[in-house]
Each structure stands twice: as C-alpha cells, then as structure tokens.
Amino acid sequence: MHVAKISYNDKNAPVAFTKSLKETGFGVIIDHPIKPQLVEAVYKEWKIFFNSDSKHDYLFDPLKQDGYFPLGSENAKGYNAKDHKEFFHYYPWGKTPPAISETTKELYDSLVNMTSLLLEWIELNTPSKIQSKFSEPLKNMIKGSKTNLLRVIHYPPFSGKEDSESLRAAAHEDINLITLLVAGTKPGLEAQDKNGNWHEISTDPGTIIVNIGDMLEEVSGGYYPSTTHRVVNPFSDINNISRYSMPLFLHPRDEVKLSNKYSASSYLKERLLEIGLKS
C-alpha cells in the first residue's frame, strides 16, 4: 500500500489528499506550516514529564477525561489485553503540569487551525450525494468544540513481564472525525489495507499523518471507512526503547448530529465505554 506524500502548498493538494484518504485511509502532509522546532520543543518537555514521578499527581478525571493515564488504562475495542502505553490528555481548559510551557498550546492551536482547511478539502472533493448526508459543513462541526484532544503518548520499553498478547497499540480505529499525527519519534505505525494486510506508515520528521476516524465514517454513511491501524512492538532488543507520539483527535461539538442514530456526544460516550476509559 503506497501512501503518497502531499505538499500542503500544492494547488492539487485538496484532490490528492482526499483521494489518498479514500483509497488508503491515510494522507501524509509535507511542507505544512507547523515548524519542526515547535514539535521538538513539545516532545522535549513531555519526555521529562513521563520520566518523572510527579506524573501521578495529574491522574485523569474520569468525567472530564483530562490528565495522565498510566500504563494499563486502555485496550482496543474487542481486545482484552491492555495497550503498552501511558498517555496524557491535553485540553486547553484541562489540567496541565506547570513544567509544560505554552508550546503545547501553540502546537494544539496550530493543528486545530490546520484541520479546518483539511476538512474543507475533504468536503469539496466528496460526491454531492454523500455531502447531502452532512448535517452541516464538516469544518463547521468543529467550531467551538471543547473535545478536540491532543494525546501525548509514551510507549515505554518492554520489561518481559507484560501480558504475552500486549501490543503498544492493538489494531483499532479512532473515534473522532479525523486524526492529525505529528511524526512519532520511532517507527512502528502500521495500517491495514482492504485485504487485511499490514503496511508500515512512514513517520518521517516534518510529516503530519492524517487518518479517517469513526465519526467521519458515520457522517458519510460509510463512504469514508475508518482507518484500522496499530503500533507494533519493537522487533529486537536494540529497538526496545521508548517511543513517543502526539495525535490530535478532532471532535465535533457535542450537539452535532452525525446520523439519525448518533450525536457526537452519544457516539463518544459509547466508544469510551468500549475501550475502557469510562465505566
């Protein structure tokens, strides 16, 4: 499965990006306005956070879903084994460790601003019959949303004592409309094609990887299938080191109608129950 790299500034980017999403579930953006220095600065601060004992002072709020989620917090839908990762849910309104500077908010705001244009690209290149299913324009669905989420993830090295079925992130689909993934610090991201085969997705520095989430599938009546992906374990001892990544999960406002069956809020609640983040 070949996922093309698309220049953010290319005049044909809207068509090429939407075509790539439709055919592979992914779009890889290069030449975008988010500076590598900003990404590096954000990673540097969060690496220090995850390697400190103070992270346990910011345990997540089960209702608000902000804060630190320790190892063993989440499993993929349909899997019993917990993913081998710890993570922090960053919202501008949520709890933030004092050692985390404004750079994280700057990255968050930059990614959210970028998604408005990407959603516009998708809608412009979606057949009118499918567009008619949208309760409002895609880019309008995220205006005023309080649930756009930057998840900062640490996949620690394996000690050998983990569940034999444990993966860094078992095969899953994201809940939201689309996900923007700032390039991870190490390889490991894989996507599943329509025949069930797995393919490595490049996370080269300077790229932003975009994938389809369940809510876009719901909104489009299945025209845009949610992307099945996973993060595989290191293949050798030499690669058994920490991996970090930062996906932005783009969510509509709670009241947005996704389909006759779901609002954004009801869909989110159902899925959080399925993956063990709510009880």
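With +1 on each Lys and Arg Cβ and -1 on each Asp and Glu Cβ, and nothing else charged, work out how big the dipole of segment 1-147 is about its Cα centre, in Debye to the nearest 20.
Approximately 460 debye in magnitude.
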> Farthest toward the dipole's positive end in the chain, which of GLY184, SER116, ALA4, given Cβ charges of +1 (Lys, Arg) and -1 (Asp, Glu) about the Cα centre?
Replying inline: SER116
> If you place +1 on the Cβ of every Lys and Arg, -1 on the Cβ of every Asp and Glu, and leave all else neutral, what size is the dipole of the chain about its Cα centre, to the nearest 20 Debye?
Replying inline: 400 debye
>> Which one, HIS229, PHE88, HIS251, is farthest towards the positive end of the dipole of the chain when Lys and Arg carry +1 and Asp and Glu -1 on their Cβ?
In response: HIS251
>> Using Cα-Cα distances under 8 Å and only pairs 6 or more residues apart, what relative contact order does the chain have, in percent?
In response: 23 percent
> Pick from LYS186, LYS129, LYS257: which is most flexible by mean-square fluctuation in a GNM of the chain where alpha carbon atoms under 10 Å apart are linked?
Replying inline: LYS129
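Greater than 31 Å separation of Cα atoms is the criterion. Which listed pairs, LYS19/LYS278; LYS5/LYS269; LYS47/LYS139; LYS35/LYS269; LYS82/LYS269; LYS64/LYS85, meet it?
LYS19/LYS278; LYS5/LYS269; LYS47/LYS139; LYS35/LYS269
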>> Give me the extension gain from HIS56 to LEU273: residue separation times 0.36 nm, minus the current Cα-Cα distance, reported in nm with one decimal.
In response: 75.8 nm
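Please report, in debye to the nearest 20, how large the charge dipole of segment 119-199 is about its Cα centre when each Lys and Arg carries +1 at its beta carbon and each Asp and Glu carries -1 there.
In total the dipole reaches around 280 debye.
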>> What are the ³J(HN,Hα) couplings of segment 24-39, residue after residue, when phi is run through the Karplus curve with 6.51, -1.76, 1.60 and θ = phi - 60°? Round to Hz, x for glycine and proline.
In response: 10, x, 10, x, 10, 9, 10, 6, 8, x, 8, 6, x, 5, 5, 4
> To the nearest 0.05, how large is the calculated FRET efficiency for LYS143 and ALA99 if R₀ is 25 Å and r is the Cβ-Cβ distance?
Replying inline: 0.20
>> Could you give the length gained by full extension between LYS5 and ILE130, i.e. 0.36 nm per residue of separation minus their alpha carbon distance, to one decimal place?
In response: 42.4 nm
>> Just to be sure I understand, if you calculate Rg and Dmax of the Cα atoms in Å for this structure, which of (i) 17.9, 53; (ii) 20.9, 64; (iii) 17.0, 55 do you get?
In response: (i)
>> Based on alpha-carbon centroids, what's the gap between segment 128-190 and segment 60-74 in Å, whole number please?
In response: 16 Å
> In nanometres, what is the gap between the two model label sites at ASP31 and LEU63, each 7 Å from Cα along Cα-to-Cβ?
Replying inline: 4.9 nm
> In segment 5-274, what percentage of the DSSP-assigned beta bridges are antiparallel, given to the nearest 5?
Replying inline: 90 percent
> So for the chain, taking the charge dipole from beta-carbon charges (+1 Lys/Arg, -1 Asp/Glu), which of ILE100, PHE50, MET215 sits furthest toward the positive end?
Replying inline: MET215
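Read-outs throughout are calculated quantities, based only on the coordinates presented, and are distinct from any laboratory measurement. All of these numbers come straight from a predicted model, not from anything done at the bench. Every residue, glycine among them, receives a Cβ derived from its backbone with ideal geometry; neighbour counts consider all protein chains shown.
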